[in-house]
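Notes for the one structure printed next.
The values are calculated or read from the model by the stated rules, or taken from the named source; none is laboratory data. The shown structure was predicted, so the numbers you read here are calculated from the model rather than taken from an experiment. Heads up, the Cβs are rebuilt from the backbone with ideal geometry, glycines too, and the neighbour counts pull from every protein chain shown.
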């Protein structure tokens, strides 16, 4: 996979910051001046990540330890990653055109297939799956998807799931990073 294009969480290769200032002028003793600050990105990838998908905060609400003990997991919460401005043509003349992408979720993990949580609560982790039922394993690429020109919405579901430890009630939080690879 020499042609894999890696993108970080924000999928931004460049964060150019351009400042434009008007020239100071003095007309009749008055001076006008101002500034416009612009930012953006130029990506060398097949798609860009929609700004609403880059940094998401999900609140799973209050779940009783008894529910997780009884069913082995909590209810599922949906989330999506929207890819925009997808193109199949590589920006590099030496690279082949893009056909596929894969997503890798990463963060703390427990039991090999659950994402770990920080906080006072114990005895469970976070389970993520895609709309086809494929499980996201920490640090491992999910099955490849086909790139379509335009926009692509990647739908996922997550839930709290019991691990092999004793349950302990309390608050929890975590950060899950994702990375997209195009080839």
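Odds and ends about this structure:
- Qualifying residue in the range 88-95 (condition: exposed (fewer than 12 other Cβ atoms within 10 Å of the Cβ) and over 27 Å from residue 50 (Cα atoms)): yes
- The set of residues from the range 57-75 being surrounded by 14 or more Cβ atoms within 10 Å (Cβ to Cβ) and under 16 Å from residue 128 (Cβ atoms) comprises 60, 73, 74.
- Yes/no for residue 95 being more than 25 Å from residue 177 (Cα to Cα), touching a residue at least 24 places away in the same chain (Cβ under 8 Å), out of contact with any helix residue (DSSP H, G or I) (no Cβ under 9 Å at 6 or more places or on another chain) and outside any loop (DSSP other than H, G, I, E, B): no
- Of everything in the range 134-161 that is under 25 Å from residue 108 (Cα atoms) and out of contact with any strand residue (DSSP E or B) (no Cβ under 6 Å at 6 or more places or on another chain), the residue that is surrounded by the most Cβ atoms within 10 Å (Cβ to Cβ) is 137.
- Within the span defined as the range 21-38, every residue fails to be modelled with pLDDT of 70 or more and surrounded by 10 or more Cβ atoms within 10 Å (Cβ to Cβ).
- Single residue of the range 69-92 satisfying the filter (modelled with pLDDT of 90 or more and in a loop (DSSP other than H, G, I, E, B)) that is nearest to residue 144 (Cα to Cα): 76
- Screening residue 167 with (1) in contact with a helix residue (DSSP H, G or I) (Cβ under 8 Å, 6 or more places away or on another chain); (2) surrounded by 19 or more Cβ atoms within 10 Å (Cβ to Cβ) gives one miss only, at (2).
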